[in-house]
Amino acid sequence: MGPSPIGINEDTSLISNSLFANPLIIFPFQSNFFNYKNLLKKESKSSIPMGSYGQEVVLITGCSQGGIGHALAKEFAANNCLVVATSRSLNSMRDLDQDHRFYLQELNVLSEESIQHVMSNVLEKFGRVDILVNNSGIQCVAPLAEVPLSALQKTFDTNLYGPIRLIQAAVPHMASRKKGKIVNVGSVSAMAPIPWAGVYTATKAALHSLSDTLRLELKPLGIDVINVVPGAIKSNIGNSAIASYNQMPEWKLYKPFEAAIKERAYFSQGIKSTPTDEFAKKTVSAILKKNPPAWFSSGHYSTIMSIMYHLPLCVRDFIIRRAFKC
Ligand SMILES: NC(=O)c1ccc[n+]([C@@H]2O[C@H](COP(=O)([O-])OP(=O)(O)OC[C@H]3O[C@@H](n4cnc5c(N)ncnc54)[C@H](OP(=O)(O)O)[C@@H]3O)[C@@H](O)[C@H]2O)c1
């Protein structure tokens with residue numbers, strides 16, 4: 001779905017609820033495809049620790065300290081959830097180490113093996129995953145005409161194929177319980193792409209589109225899909241972007257734009273950027289609703305980007321070219 005024309009927190013669950021009230025009318029072939037009974041038989045609750053019934057088990061990717069995932073992990077825990085906080089290295093989450101509300105796991109979204117390993121550990125420990133949050137992501141700052149294909153591929157692999165790998169690992173289990181929520185963290189940047197981040201915004205636009213299809217395909221399985229669309233949020237994303245940028249080759253046509261390109265890496269990290277804990281509070285509250293919104297956008301620039309999305313392209317281009325001097 002696209003952003004709301006009137007606001008930034010649009011709930012289309014009413015539409016999808018009524019559409020699927022009688023799914024057999026819409027999908028007469030569905031009973032053959034989605035045989036819940038067999039799936040339900042496979043559910044095992046024997047491994048659920050005492051006292052965890054009623055608590056939501058939330059698996060989040062990219063929980064390094066200082067980032068959005070870390071703040072989401074703490075906020076879910078504050079809302080009585082059991083949190084599987086994952087990141088590429090346990091060291092990046094060591095402040096959560098002694099807190100019994102967190103189950104820390106190393107997970108690299110590029111590796112199917114790593115995902116399967118974590119998923120089986122989680123199912124063994126808790127017997128379920130109620131909420132999957134695909135949060136991990138990387139920036140890629142470079143002009144599209146010269147960006148090395150390897151950088152483009154790595155960004156798609158992390159920001160798009162990574163979430164798909166996790167979704168495919170979690171959905172069979174969620175479907176077996178006919179319950180679950182999948183949260184994909186997109187970006188407002190995809191709503192009005194600005195120069196020098198074309199690869200990143202393309203991955204996020206693709207993730208938004210994927211969430212829209214998933215929402216329809218997973219509803220009959222009892223799984224909600226929530227597209228979380230952050231504005232500018234204080235995190236490590238600018239520093240990580242510059243570290244990757246420093247590995248790029250020297251530009252041929254775009255040498256004169258070098259300073260502007262580097263500036264784009266920190267675009268979301270200005271003094272008015274929303275603090276991660278403030279963003280996490282609002283986001284977790286939306287996700288934990290009984291009927292969560294299909295689209296939830298919050299943070300600095302989220303309103304302006306929502307307006308920009310609806311402007312005629314010539315007006316939008318005029319504004320962006322003036323602002324970015326290109
Ligand atoms: N901050 C913003 O203004 C903003 C705006 C819109 C959208 N977003 C999105 O919000 C999400 C979180 O970003 P953030 O701002 O919190 O940035 P961040 O502080 O850089 O966090 C990104 C996280 O993703 C992890 N990650 C990167 N590659 C990974 C991989 N292959 N496997 C597993 N984890 C990996 C990072 O791990 P390492 O620490 O190991 O690198 C880190 O934990 C991203 O999807 C981002 O695109 C952010």
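Dimensions of the range 174-294 from C-alpha coordinates, computed as largest minus smallest value along each principal axis and given longest first, are 54, 29, 23 Å. Over the range 84-219, the reciprocal of the mean inverse Cα-Cα separation, the Kirkwood hydrodynamic radius, stands at 16.1 Å.
Look at the alpha carbon pairs under 8 Å that are at least 6 residues apart: their mean separation over the length of the range 55-324 gives a relative contact order of 20 percent. Shape class for the range 90-161: prolate, because the ratio a/c of the largest to smallest gyration tensor axis (alpha-carbon atoms, square roots of eigenvalues) is 1.5 or more and a/b beats b/c. With the charge dipole of the range 225-315 set up from +1 on Lys and Arg Cβ and -1 on Asp and Glu Cβ about the Cα centre, the Cα lying farthest toward the positive end among the listed residues Tyr309, Pro249, Ala265 is that of Tyr309. For the range 55-324, the convex hull spanned by the alpha carbon atoms encloses 126 Å³ per residue. In this Cβ point-charge picture (+1 for Lys and Arg, -1 for Asp and Glu), the range 209-326 has a dipole of about 260 debye about its Cα centre.
Where a number appears in this text, it was derived from the coordinates with a stated rule and is not lab data. Only a predicted model underlies this, so the values are computations on that prediction, with no experimental measurement involved. Cβ: placed from backbone, ideal geometry, glycine included. Neighbour counts: every protein chain shown.
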